[in-house]
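FYI, it's all coordinate maths here, none of it is from the lab. Everything numeric in this text was worked out from a predicted model, so none of it was measured. Using ideal geometry, Cβ is built from the backbone for each residue, glycine included, and neighbour counts are taken over all protein chains shown.
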Amino acid sequence: MNEEMKAEIRKTNSSIRERIEKEVDEIYSQAKQWRSHVWGEHIIGLPKGERGNYGLRVRRRKVGITIDWFWPVFFKDKNTGEWRVNYQFIGRGKAGYRYSMKKFPKAKPWEYEKIDQIEEHLEPLRWRLDMLVRMEKSLKAWERYAAKREVEDEEQ
């Protein structure tokens, strides 16, 4: 493989990575809007006794994003005597890109409906994220293969 061809491959790979990153940024923005919706409408926007039991977390990863539901667990700190909160994250399981409603046993009746509506929007985002992460992994695998092949060609 000549230098011109190697440069073209690097340029193409860079272009693909830029496109992946742009897509991930777009999904991250949409997921943050849904997180804000959950916090604003289900938690902060309601009186204490009527607030929902579940929250939504959106985190950037090295490649991609995680979108997880959680519920707060309150406990009294043994050392200080103050009430603290620990967030118990809910695993989605292997059933696809959508949380099962069985994962929300402490949900209030109105909360089931809201979570289900939000999951309608989050499911395609998770699917897109999975595809983008797979593309990035495939690109890395291809680059490793190409580098190995280049070394073998030089040795011959």
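Counting trypsin sites (Lys or Arg not before Pro) as exposed when in a DSSP loop with at most 10 other beta carbons within 10 Å, what is the longest stretch of the chain free of them?
With trypsin sites (Lys or Arg not before Pro) excluded where exposed in loops, the chain gives 1-60 as its longest stretch.
How many percent of the alpha carbon pairs in region 105-156 exceed a separation of 19 Å?
Considering region 105-156, 59 percent of its Cα-Cα pairs are separated by more than 19 Å.
Compute the helix-to-body angle for 3-38: its Cα long axis versus the longest principal axis of the chain, expressed 0 to 90° and rounded to tens.
Computed tilt is about 10 degrees.
How large is ³J(HN,Hα), in whole Hz, for each residue of region 139-145 in order, when computed from phi with the Karplus curve 6.51 cos²θ - 1.76 cosθ + 1.60 and θ = phi - 60°, using x for Gly and Pro?
Computed from phi, the couplings for region 139-145 are 4, 5, 4, 4, 5, 5, 4 Hz.
Work out the FRET efficiency for E154 and W127 from their Cβ-Cβ distance, taking R0 = 41 Å, and round it to the nearest 0.05.
Using R0 = 41 Å, I get an efficiency of 0.50.
Nearest 20 debye, what's the magnitude of the dipole of region 3-155 about its Cα centre given +1 on Lys and Arg Cβ and -1 on Asp and Glu Cβ?
So the dipole magnitude of region 3-155 works out to roughly 900 debye.
Among W39, P72, W127, whose Cα projects farthest towards the positive end of the dipole of the chain, with charges put on the beta-carbon of Lys, Arg (+1) and Asp, Glu (-1)?
P72
Considering only Cα-Cα distances, which of the following residue pairs are longer than 30 Å: K48/K102; K32/K102; K6/K32; K6/K94; K32/K103; K62/K148?
Details: K48/K102 24 Å; K32/K102 24 Å; K6/K32 39 Å; K6/K94 39 Å; K32/K103 21 Å; K62/K148 24 Å.
Those over the limit are K6/K32; K6/K94.
To the nearest whole percent, what portion of all C-alpha pairs in region 67-123 is separated by more than 19 angstrom?
Looking at region 67-123, the distances longer than 19 Å represent 40 percent of pairs.
How large is ³J(HN,Hα) for each residue in region 82-88, as worked out from phi by the Karplus curve 6.51 cos²θ - 1.76 cosθ + 1.60 (θ = phi - 60°), to whole Hz, x for Gly and Pro?
Listing the rounded values in order: 8, 7, 10, 10, 10, 9, 8 Hz.
Can you compute the modelled spin-label distance between M5 and I90, with each label point 7 Å from Cα toward Cβ, in nm?
5.3
At q = 0.16, 0.26, 0.27, 0.28 Å⁻¹, work out log10 I(q)/I(0) for region 13-78 with the Debye formula, treating every Cα as an identical point scatterer and leaving solvent out; two decimals please.
Normalising to I(0) and taking log10 leaves -0.66, -1.08, -1.12, -1.16.
Using only Cα atoms, what is the ratio of the radius of gyration of the chain to 2.2 N^0.38 Å?
That ratio works out to 1.47.
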